[in-house]
Amino acid sequence: MNIIIHPTYFSSISHFVAMVQADSITFEMEDNFQKQTNRNRMYIYSPNGIQMLNIPIKHNKDGHQKFKEVRIENDFDWRKNHFKSLEAAYRTSPFFEYFEDDFRALFSKKHEFMMDLNFETIELVTDCLGVKFEIEKTTEYFHEVEGLTDFRHLANGKKDTLLFEPYTQVFDDKHGFINNLSILDLLFNEGRYAVDYLKQQQL
């Protein structure tokens, strides 16, 4: 399976199921930015249930801009807030401490462009999982793509209706299993076993 997909911020489990099961991955580089998608947000399992972590961006005046040109609004200390939220959610998970230093280092860096940060999050997670991907990038935008299975819709959480097998989550005794969160939820709870899980899920 050869797929096309968006580079999103600490992508959802569905993204990584598609990527781990793909023979090759093409990342969409030429699309316009769309608000309220996982391009600049992720969902984690907090002590109070599902929590959205959103990255503020600089909007241009005419409203239309390519995602690769979107700049992060660094006047807000969102990095500190996101890392604190991850600590509150996963400090007691089996693998948070094992990966903690790598994630702390990422959140201490200032990125100018959202897409650069997204690619770095994907790289960090694949390193933690111990997997490597064959990656290509688009050079122009096509609404219909020939020869590739199109998973670009997964960047829009509302269109991503995939359901996956439950695994143990930190607060599942309080709120039950929450499906298809950020890949970080699976990584911090399952560690390298996450790869086997990703391979076994149905798309």
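The values are calculated or read from the model by the stated rules, or taken from the named source; none is laboratory data. Fair warning: this is a prediction, and the values are worked out from it, not measured in the lab. In this analysis, Cβ positions are derived from the backbone assuming ideal geometry, glycine residues included, and neighbour counts consider all displayed protein chains. Keep in mind that these areas ignore ligands, DNA and RNA; they rest on the heavy atoms of the full protein, side chains included. Shrake-Rupley method; radii C 1.70, N 1.55, O 1.52, S 1.80 Å.
Could you please find all residues in region 6-19 being in contact with a strand residue (DSSP E or B) (Cβ under 8 Å, 6 or more places away or on another chain) and within 20 Å of GLN200 (Cα to Cα)? Within region 6-19, SER11, SER12, ILE13, HIS15, ALA18, MET19 meet the criteria. Entry remark, region 191-203: residues being part of a loop (DSSP other than H, G, I, E, B) and either modelled with pLDDT under 95 or surrounded by fewer than 18 Cβ atoms within 10 Å (Cβ to Cβ) (or both) number 2 in total. Of all the residues in region 55-77, those that are over 14 Å from MET115 (Cα atoms), in contact (Cβ under 8 Å) with a residue 24 or more places away in the chain and surrounded by 13 or more Cβ atoms within 10 Å (Cβ to Cβ) number 1.
Only residues that are in a helix (DSSP H, G or I) and surrounded by fewer than 18 Cβ atoms within 10 Å (Cβ to Cβ) were counted across region 162-190, and they come to 4. The set of residues in region 135-161 being open to solvent by 100 Å² or more (accessible area, probe 1.4 Å) and of a type in the set (Lys, Arg) consists of LYS137, LYS158, LYS159.
Summed over region 86-99, the residues that are among the small types (Gly, Ala, Ser) and surrounded by fewer than 17 Cβ atoms within 10 Å (Cβ to Cβ) give a count of 1. In region 70-131, counting only helices (runs of 4 or more DSSP H) that sit wholly within it, the ones holding 3 or more residues that are of a type outside the set (A, V, I, L, M) and over 18 Å from the mean Cα position of the chain (by Cα) span 96-107. Return yes or no: is LYS61 assigned to a helix (DSSP H, G or I) and farther than 29 Å from THR92 by Cβ? Criteria not met by LYS61.
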